[in-house]
Amino acid sequence: MTFRLLILLLSLVTCGSLRADDATSAFTEGNRLYEKGDYAAAATAYQTLVDAGNLSSDLYYNLGAAKQKLGQSGEAVLWMRRALHLEPGLPEAKQSLTFLRTRLAFFEFAGTWLDRTIATLPAAFGRWASSLALWTGLLAIAGAFVAPRLRPNRSTFITLGLVLLMASFVFSRVGRYREQRLSPSTFAIVTGDSVSALTAPTSDAKTVVALPPGSELRLLRITGPWTYAEIPGDLRGWVRTESVQPVWPIPSKNPS
């Protein structure tokens with residue numbers, strides 16, 4: 001690692017954050033180290049910027065690329081996924097995942113077109129759409145009985161109100177489905193090597209399936225050293241918590 005980069009990273013650790021120009025300099029220096037072939041130093045530079053709270057699809061992608069060069073395939077997939085979370089259309093991350101998918105044959109959830117559509121909705125969509133439909137429907141029904149001007153079209157407003165009430169229920173279910181099944185916070189990536197899902201949270205339990213690095217899991221329950229997860233292919237099992245990492249949010253290393 002170069003002396004200049006070391007000074008930048010030390011200032012980051014000491015101060016807890018970098019000014020924008022210092023962060024840019026550290027990122028540029030990390031890129032230079034990567035191009036030079038010093039992937040370990042480049043990964044350190046990128047990781048320090050991440051730990052300082054920098055949100056950037058390019059930063060995450062470059063860190064994933066450095067991890068890939070270091071042979072840390074699971075970590076590489078993880079950071080590519082995080083880059084795509086910030087920028088879903090990032091072509092370099094998609095291409096890298098395609099390559100890693102072919103090489104590692106990791107598990108991932110296929111997702112239907114409906115899942116992909118729902119996943120693109122804002123996180124609060126279900127709540128506000130359900131509330132809007134609910135109150136509009138109630139007002140339509142109440143107005144049909146209370147407002148004299150609406151009485152000639154009472155049946156129409158009652159029908160509209162009932163439709164909106166049903167829509168409110170549908171929107172609430174869509175929001176719940178997104179939060180529990182499709183939100184990035186529900187997914188994790190296997191980053192360890194020689195990881196297997198087990199039938200129980202004990203080391204001597206039977207193996208459900210071996211999980212190649214980069215495999216995608218849906219988190220169901222975390223109990224200390226063990227995590228219970230859903231596995232693509234309608235499987236479930238227990239894995240060691242330290243062998244998986246959540247896609248989002250990124251665990252903070254600077255709690256202050």
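Once you list every other residue whose beta carbon is under 11 Å from the beta carbon of Ala144, what net charge do they have if Lys and Arg are +1 and Asp and Glu are -1?
+3
Kirkwood Rh and Cα-based Rg: tell me the resulting Rg over Rh for the stretch 92-179, rounded to two decimals.
1.33
With a 10 Å cut-off between alpha carbons and a GNM built on the chain, which of Glu35, Glu75, Glu230 moves the most?
Of the options given, Glu35 has the highest mean-square fluctuation.
What shape does the stretch 40-121 have by the C-alpha gyration tensor, where a ≥ b ≥ c are the square roots of the eigenvalues, rounded means a/c under 1.5, and otherwise prolate means a/b greater than b/c and oblate the rest?
Verdict is oblate for the stretch 40-121.
Under a GNM of the chain (C-alpha, springs under 10 Å), which listed residue has the highest mean-square fluctuation: Leu114, Leu134, Leu211?
For the chain, modelled as a Gaussian network with Cα springs under 10 Å, the answer is Leu114.
Quick one: dipole size for the chain, taken about the Cα centre, charges +1 on Lys/Arg Cβ and -1 on Asp/Glu Cβ, in debye to the nearest 20.
1040 debye
What is the sum of charges around Val208, taking Lys and Arg as +1, Asp and Glu as -1, for the other residues whose C-beta is under 12 Å from the C-beta of Val208?
Around Val208, the surrounding residues sum to 0.
Quick check: residue separation of Leu138 and Glu87 times 0.36 nm, minus the Cα distance between them. What number comes out in nm?
Gain in length upon complete extension: 14.4 nm.
State, in angstrom, two size descriptors of the chain derived from its alpha carbons: Rg to one decimal place and Dmax to the nearest whole number.
Expressed in Å, the Cα Rg and Dmax of the chain come to 24.1, 82.
Quick one: among Arg154, Arg81, Arg173, which has the greatest mean-square fluctuation in a GNM of the chain with alpha-carbon springs under 10 angstrom?
Result: Arg154 has the largest fluctuation of those listed.
Since every read-out is calculated from the coordinates, none of them should be taken as a lab result. Nothing here was measured: the structure is a model prediction, and the numbers come from that model. Here Cβ is always computed from backbone atoms with ideal geometry, including for glycine, and neighbour counts include all displayed protein chains.
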